[in-house]
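Structure record follows, encoded as structure tokens.
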Amino acid sequence: MMWKDLNDLAQLAAIQEESKTRPVVLFKHSTRCSISSMAKSRLERAGAPEGISFYLLDLIRYRALSNQIADDFSVMHQSPQVLLISNGACVYNESHSAISMDEIEHQATGVKA
């Protein structure tokens, strides 16, 4: 799986723009949390489906960016957390052990053009 690092506030506008042509997944990862590490590992083992971009946010290092994501996409902050962005909006989010690539792919299929 090829993660794109999410570490700059300016990337959020670009991600919203990108989500107009393909689904985008944001994974908010806590490097201090074993549950977050397990969720990340499960996603990586499953492999990324075609046509979806995956961004990884280290929310320990970039907590302000994590908070901005929660504000911009009107979701409650959780860790770990995945958000599926389509057409500039969060259309699905999940956290902790409920994070699964199968569900991400299922949700993304419903928003593809």
>> For a Förster distance of 22 Å, can you work out the FRET efficiency between the beta-carbons of residue 14 and residue 61, rounded to the nearest 0.05?
In response: 0.70
> Which stretch or stretches of the range 59-87 have amide N atoms under 17 Å from the point lying 7 Å from residue 21's Cα along the Cα→Cβ direction?
Replying inline: 85-87
> Rounded to the nearest 5, what % of the DSSP beta bridges within the range 4-109 are antiparallel ones?
Replying inline: 60
> Can you give the calculated 222 nm mean residue ellipticity of the chain, where each DSSP H run of n ≥ 4 adds -39,500 (n - 2.57) and the sum is split over every residue, rounded to the nearest 500 deg cm²/dmol?
Replying inline: -10500 deg cm²/dmol
> Given that just one value was derived from the coordinates, which of (i) 1.89; (ii) 0.92; (iii) 1.09 is Rg/Rh (Cα atoms, Kirkwood Rh)?
Replying inline: (ii)
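Just so you know, all these numbers are worked out from the coordinates, no wet-lab data involved. Predicted model only: the values in this text are computed from it and were never measured. Note that we place each Cβ from the backbone using ideal geometry, even for glycine, and neighbour counts take in every protein chain shown.
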